[in-house]
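Here is the structure we will look at.
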Amino acid sequence: MSLPLNLSIALSSLATHKVRAILAMLGVFLGALAFTGVQHVSKIMVRKAVIETEKLGPNFFVVLAGQVRFRRNGSVGVRNDMANFRLGDARAIIDGVPSVLSGTPYAYGSFLIKGGGNALTAQVFGTWPTWPEVRSIKPMLGRYFTSEELESRAMVCTMGVTIAERLFGGAEAALGRTVLIYRAPYKVIGIMEPKGRDLVGDNQDEFMFMPLTTYMRRASNQDFLNGVSLRLAKGADIGLVEEAARDILRTRHRIKPGQPDDFGLLAARDTIKLQREALDLMSTLGLITSVVSFGVGGMGILSIMILVVRARRVEIGIRRAVGGKRSDIIRQFLFESGLMAGVGGLCGVIATVMLVFGLHKGLDLPLIIDPSSLLLTLIGSCLIGLAAGAYPAWQAAHIEILDVLKSDG
């Protein structure tokens, strides 16, 4: 039999049992969507983590004044209630840890900022002038503050582009203006380039920066830091860096053997590893869901094909009586079951592609489409249909002609 004729007979048969056919295809559709969808979302999120980490610069490393908590979703949380991280600790780390090219201590807090007739609450960072080099970020307008301004506790600041837009309506309008923090005026000398989120998930475009001395003595009146950021040499041994930083701080903080650290160490590679581990779990759950859905879809196809065989006993008997071969009958029913599963799998693949484009357009996530995964899912769906239709096809091919004619008579 020709392919067009097989297709015509298959569509006619499925139309007769359209509700059952749709329900059977739904299981395969959900299985295909779960399998390819979770795979693609996992790859997209890992790629996003890599992109965000690359923004921090080569071999970025940070020592935090507080314990690091790794959440199940792969994000990072920091316990910031420690107040024993001093400037001397930061200097000791910058000078004593191997492979450090540059570093900057930092402190930060949340402040109400007023400017341009508007007000907002944002994170204000006090840093050294080396912050742009360490964090691979530079002003897109104006400049960062200098060492002289750090020494003199100058009342100057730079700000993220989002703050500039919210306070003054744009980056150009903010440059050279004055903002108030606790009624103290700070001159805006630079607008930082867009950077996105950092290792702990904070939006760097909503940060404001000022000299560390100005922050600690004029803005917050504190003598402790929140951490120190380091830029390491290319190819630096992160294990040795972590070991050296840990030894320095445990000695300076007089932490006894067996006692936990009162600080946290975080490398850029750690966030990618955590993202992968969290997404591996999601992929496993997606795989389990897809297997269950494929199984349900296969059982649905099996049941509907058994019903189809029973309903078409007379047709099968007549075809056999006029010379139809058993192989033709088997091929026909396998074609129908494979077509049903293939349509369900194709719809799942199309839904996955639409999901990926939706995430790309709606959430500005990386666009990743894996043709091999989609093709494999489509082929797998057809194979499930063939497997589910094998027994009904065998039943149809072994229907006795005389039994059909007697029962019909």
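The values are calculated or read from the model by the stated rules, or taken from the named source; none is laboratory data. Because the structure is predicted, anything quoted here is derived from the model rather than measured. FYI the Cβ positions are ideal-geometry reconstructions off the backbone, even for glycines, and counts take in every protein chain you see.
Taking the conditions (1) among the small types (Gly, Ala, Ser); (2) surrounded by fewer than 15 Cβ atoms within 10 Å (Cβ to Cβ); (3) under 28 Å from the mean Cα position of the chain (by Cα); (4) at pLDDT 85 or above in turn, Gly258 satisfies each one other than (3). Restricting attention to the range 318-333, the residues being within 16 Å of Trp394 (Cβ to Cβ) and surrounded by fewer than 14 Cβ atoms within 10 Å (Cβ to Cβ) number 2. Looking at the range 1-49 only, could you name the residues that are closer than 22 Å to Ala393 by Cα, modelled with pLDDT of 80 or more and buried (at least 20 other Cβ atoms within 10 Å of the Cβ)? Listed by number, the residues that qualify are Met25, Gly27, Val28. Listed by first and then second residue, the pairs linking a residue in the range 365-391 that is touching a residue at least 60 places away in the same chain (Cβ under 8 Å) and crowded, with 17+ Cβ neighbours inside 10 Å to a residue that is part of a helix (DSSP H, G or I) and of a type in the set (Asp, Glu), with Cβ atoms under 7 Å apart and 6 or more places separating them unless they lie on different chains, are Gly389/Glu336. Counting the residues of the range 206-248 that are of a type in the set (A, V, I, L, M) and out of contact with any strand residue (DSSP E or B) (no Cβ under 7 Å at 6 or more places or on another chain) gives 4.
Does at least one position in the range 148-165 carry a residue that is of a type in the set (D, E, K, R), under 21 Å from Leu87 (Cβ atoms) and free of Cβ contacts under 8 Å to residues at least 60 places away in the same chain? Steps first, answer last, please.
Of the range 148-165, the ones of a type in the set (D, E, K, R) are 148-149, 151, 153, 165.
So of that shortlist, the ones also under 21 Å from Leu87 (Cβ atoms) come out as 148-149, 151, 153.
Going one step further and asking which of them are free of Cβ contacts under 8 Å to residues at least 60 places away in the same chain, we end up with 148.
There is at least one residue in the range 148-165 that is of a type in the set (D, E, K, R), under 21 Å from Leu87 (Cβ atoms) and free of Cβ contacts under 8 Å to residues at least 60 places away in the same chain.
For Glu172, indicate whether it is under 22 Å from Val228 (Cα atoms) and either assigned by TED's automatic domain parsing to the domain that holds Met45 or not basic (Lys, Arg) (or both).
Working: under 22 Å from Val228 (Cα atoms): no; either assigned by TED's automatic domain parsing to the domain that holds Met45 or not basic (Lys, Arg) (or both): yes.
Against the criterion (under 22 Å from Val228 (Cα atoms) and either assigned by TED's automatic domain parsing to the domain that holds Met45 or not basic (Lys, Arg) (or both)), Glu172 does not qualify.
Within the option set Thr146, Thr127, being at pLDDT 95 or above, within 21 Å of Phe207 (Cβ to Cβ) and surrounded by fewer than 15 Cβ atoms within 10 Å (Cβ to Cβ) holds for one residue only, Thr146.
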